[in-house]
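Below is one structure, written out as structure tokens; the observations come after it.
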Amino acid sequence: MFLRNVPKINFMDRRKIAFMISGALVLLSLVLLSVRGLNLGIDFKGGTVFQFTLAQNAHVSDVRAVLSQFGLGNSVIQKASDGSFVVKAKSLGRETQLKIFNALKKRFGEINILRIESVGPVIGKELRRQAFIALVLALGGILLYITMRFKFDFAVVSVLALIHDSTIVLGAYSLLWKEINLPFIAAILTIVGYSLNDTIVVLDRVRENLRAASRRFDYKTLINMSINQTLSRTINTSLTTLLPVLTLYLFGGEVLSNFALALLLGIIVGTYSSIYVAGALLVEWNLRRKTKGRSPALRTTRA
């Protein structure tokens, strides 16, 4: 165990600071998404992918110089481990493709085309719609399951924590102008599952403590106890997950690093939200419910 003894950290007394940090990050993310938008890949916008090998040794910059003649200098160009080049560009007609291949042949000698794939804008629109539906269904299923398994307020704070995590990761991708593709959607769904699992562990301990000690401690103390009792597990799980994902990000190449970055950000934000956001929201919910419950009685007494 990373922590041999159960710590006694008063997380909930700092919940307003956590709210300010989370609020600022979510607001910044929403502004970025509204103003800057997302760098949608060809999976969503449509485009052409082609892969080829060259007779001569060449660098990405050399290939980009040739593509720039056709207005494709901003295309994604990757050199694979087998020496082939993968180009992701906007939609290209057959005639333009032939011109590009002839230009590459003229510059580098022989060229061997391994594949040419096109993703039309109609397919891209359909994929975007399916990705949105998948996220909505996932969040709805989570809300329903946790309500049945635990309580409605537990379900709401869990979904809010998931939205918090996903929004911040999307905002970071907008800021860094990283490509949004289907692997990224898979990463977001993985983050949702990871963050939910972490939050459920804390909420399950909250439920046990509520049953065992709700008469001896107030709600805020019970939440603090629950987070401290699961803190070792949270930190150990996060660190052991973070290390392989960090390795993927550093050494996995451009395609895997884009996927790994989303997981990396999701694990960090998810760990933070399972400690601070979900528990803090529960405390605020409980305090407001108590205040509302007392108000009519106070008004009756004064009357």
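The values are calculated or read from the model by the stated rules, or taken from the named source; none is laboratory data. Since this is a predicted model, take the numbers as computed values, not measurements. Surface areas here come from the heavy atoms of the whole protein model, side chains and all, with no ligands, DNA or RNA. Shrake-Rupley method; radii C 1.70, N 1.55, O 1.52, S 1.80 Å.
By the rule of a C-alpha distance below 20 Å, with chain neighbours fewer than 8 residues away ignored, the lysines paired with K99 are K88, K90.
Averaging the sequence gap over all C-alpha pairs within less than 8 Å and six or more residues apart, then dividing by the number of residues, gives the chain a relative contact order of 26 percent. Over the chain, the fraction of Cα-Cα pairs per 10 Å bin, rounded to whole percents and listed from the shortest bin up, is 6, 22, 26, 19, 13, 9, 5, 2, 0, 0. Per residue, the accessible area of the chain comes to 55 Å² when a 1.4 Å probe rolls over the protein heavy atoms.
Exceedance of the 19 Å cut-off in Cα-Cα distance is limited, within the set K8/K220; K16/K151; K79/K105, to K16/K151. Take L170: with every protein chain present and a 1.4 Å probe, its accessible area is about 50 Å². For the chain, with all protein chains in place and a probe radius of 1.4 Å, 62% of the accessible heavy-atom surface sits on carbon or sulfur. Can you list the aspartates and glutamates whose alpha carbon is less than 15 Å from that of K178, not counting same-chain residues fewer than 8 positions off? The reachable aspartates and glutamates, counting only those whose Cα sits under 15 Å from K178, are D43, E254.
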